[in-house]
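Data block below; observations after.
The values are calculated or read from the model by the stated rules, or taken from the named source; none is laboratory data. Keep in mind that what you see is a predicted model, and the values were worked out from it rather than measured. Cβ coordinates were reconstructed from backbone atoms using ideal geometry, including for glycine residues, and neighbour counts include every protein chain displayed. The protein model used for the area step is the full one, side chains on, heavy atoms only, and it has no ligands, DNA or RNA in it. Shrake-Rupley method; radii C 1.70, N 1.55, O 1.52, S 1.80 Å.
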Amino acid sequence: EFFVPQQSNVVTWYICGPTVYDASHLGHARTYVTFDIIRRVMISYFGYQIMYVMNITDIEDKIILRARKNFLFDEYSKHCEDISSLKREVESALLLYKEKLEKETDHLKANLTRPCIESVARILKESLGSEVRDHTIFDRLSQFWEKDFFEDMQRLHVLPPDAVTRVSEYVEEIVEFIQKIMENGFAYESNGSVYFDVHAFTSSDLHTYPKLSSFTDLNEQLKELKEAEGALTASASEKRTARDFALWKASKPGEPEWPSPWGRGRPGWHIECSAMASSVLPGIIDIHCGGFDLKFPHHANELAQSEAFHATDQWVRFFLHAGHLNIEGLKMAKSLKNFTTIKECLSLYTARQLRFLFLLHRWGSSLDFGVETIHQAVQCEQFYSEFFLNIRCALRRESSQLKLRAIEKTFLKKLFLVQDAVDEALCRNIDTPAALKALAMLVKDTNVYLLQVLSYFLTGKSIQVTF
């Protein structure tokens, strides 16, 4: 589709930022450098004025669990003689657990025991640290990793956003946003939590759900919805249907909480972006973007909530999703020992080389990070670096030549052809691989021209150069 902003050349743009509970990884680099490239092209090449807003998710189940564990470990370690005594206690408990499993010969009893063990583990996870409610405990973790994230972005030369929104600073707006959705008939309260009513939404002639989703199997949809709800979400029995998702979660012991008309609680994940984006960029948004993995359910749910709030069938005009990044053909995961942080990657390659890696692949396509792909990026970066060194050298050479000779006229024709090819590539969904291919031809043509100019300079005669 042709991109035309709502207001002349002004573009409103919202990007889903990170959930700040751990170090940023190579997948984050793919997403944020990719959209930095698109943003720079739209500003510097197409001349758009962009209002670029990024959110920071600093209230979320992963943050709560990580912060709680860190706090409890710190408190526990204060009463330990040293770290080795803590290690001995953990090893002792682990040994008893292993001995029990090894001695169990009755397979039926073992199968009956496993659900009990899982149940106890779940109860421990939910109840351990139930006294931890102080917001500063959770803020300490999120603020540390937010600072770390922006430092990584600076190392990658990613332009900073024009505005940053943090969930913890927009709770009041989120509550008001939820109230409006309820007034419009698309949400309901249950046991102090509020859920989006998917059935009521889809029953409306104005709305469809889910948008953006490629899942045709309902079970796969439900699986993705459940995972996105978070580890601390209450039982599904609170919901009218399995597809409904949380807008507001009643806080349990050990979780941060804020006042609301439905009791003390905290925002659900999806509602955060809807409310913050609508607060900073009122009305319809030109561009919304994020990683491919956010397509469903996060962005689909964002759309549903926002369309329910604004009483419209289109909240976002263009959705952009950066493609997946795999490591040697496999999904990046700590369990596979291929999890690579941005800092680890920058210790081996430069930010410029990583940017070339992303430029060499279509921004919406999957990218496999491996020996071959990074080697190609390193070579490409070297190719252009050497070219610009040659250009600087040529510019320092004095010349009184003013009249265009045949070689200048031939070169200019090639230059204009490349300009047209680059323009076509960037207009066609910002196709950076095609643009680089055209530019590579320009580099070769320029090198031929420089050799010809050097020949004139030294001998007054032209030379024939071919590649």
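Structural remarks
- In terms of the mean number of neighbouring beta-carbon atoms within 10 Å, the peptides 42-52, 256-266, 173-183 order highest first as 173-183, 256-266, 42-52.
- Here residue 444 is the anchor, and the aspartates and glutamates within straight C-alpha reach of less than 18 Å, apart from those fewer than 8 places off in the same chain, are 381, 386, 408, 420.
- Put simply, when 317-327, 135-145 are sorted by average Cβ atoms within 10 angstrom per residue, most first, you get 317-327, 135-145.
- Packing-based order for 290-301, 155-166, using average beta carbon neighbours within 10 Å, highest first: 290-301, 155-166
- Local net charge near residue 245, Cβ-Cβ under 9 Å (Lys/Arg +1, Asp/Glu -1): 0
- Charge tally in the Cβ shell below 15 Å around residue 320, where Lys, Arg are +1 and Asp, Glu are -1, residue 320 excluded: +2
- Net charge of the neighbourhood of residue 415, taken over other residues with C-beta under 11 Å away and scored Lys/Arg +1, Asp/Glu -1, is 0.
- Long pairs among 69/239; 223/295; 180/249; 226/252; 295/331, criterion Cα-Cα beyond 21 Å: 69/239
- At a probe radius of 1.4 angstrom, the accessible area of the range 188-308 per residue rounds to 38 square angstrom.
- The range 368-451 - percent of accessible surface contributed by carbon and sulfur, probe 1.4 Å: 61
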